[in-house]
Amino acid sequence: MAMKLALFVSLMVAALAVPISGAQRMGYLIEIHGIVYCPGNSNTNVSGTNIVAFSIAEIHVVCDGKVIDYAYTDGDGGFLFAVDYQRYTIPEILKTCKLVVISALTACPKPSPSTGHLESNLKYIGDTTVGRNLKISNIVPVGFHVVP
């Protein structure tokens, strides 16, 4: 019985070491992240009034007219995408990609428009280094606007 337990523990340690070592070898991530606010409310954030996050909204990363990834915003309107750095470069992302919120704007309180969707171009804001082995390039929306 002790032999089986030792074998099980050894296998679990090996199984956990493979993904960890793979992440350390990768060394580079591109992340697109930010917060989506309901339209008509984004200019009031200095005073902290009338800010309404667009929660549980479906958002797409669209590059060259093709959806490459999608997610849903959290309860605070936040989202995060990890982009394949081997397939897309930062200059390519900034030139050919945008964020598109496809959820109905009627989910937001008035004075939001009843038709259209939100879009934003992207901008690079710098890198974050995590430990010695991981660099994360941060890309954020320029600002969402209503597209009829």
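The values are calculated or read from the model by the stated rules, or taken from the named source; none is laboratory data. A quick note: this is a predicted structure, and the numbers were derived from the prediction, not measured. Please note: Cβ atoms are built from the backbone with ideal geometry, for glycine as well, and neighbour counts cover all protein chains shown. Heads up: the accessible areas ignore ligands, DNA and RNA and are worked out on the full protein's heavy atoms, side chains in. Shrake-Rupley method; radii C 1.70, N 1.55, O 1.52, S 1.80 Å.
Here is a yes/no grid of residues against (1) within 18 Å of the chain's Cα centre (by Cα); (2) open to solvent by 60 Å² or more (accessible area, probe 1.4 Å):
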position	(1), (2)
GLU58	yes, no
LYS66	yes, yes
ASP74	yes, yes
LEU80	yes, yes
ARG132	no, yes
VAL142	yes, yes
VAL146	no, no
Hits in region 102-121 (condition: part of a strand (DSSP E or B) and either out of contact with any Leu (no Cβ under 8 Å at 6 or more places or on another chain) or farther than 10 Å from CYS38 by Cβ (or both)): HIS117, GLU119, SER120
In region 93-116, how many are in contact with a Gly (Cβ under 9 Å, 6 or more places away or on another chain) and either buried (at least 17 other Cβ atoms within 10 Å of the Cβ) or of a type in the set (Gly, Ala, Ser) (or both)? 4
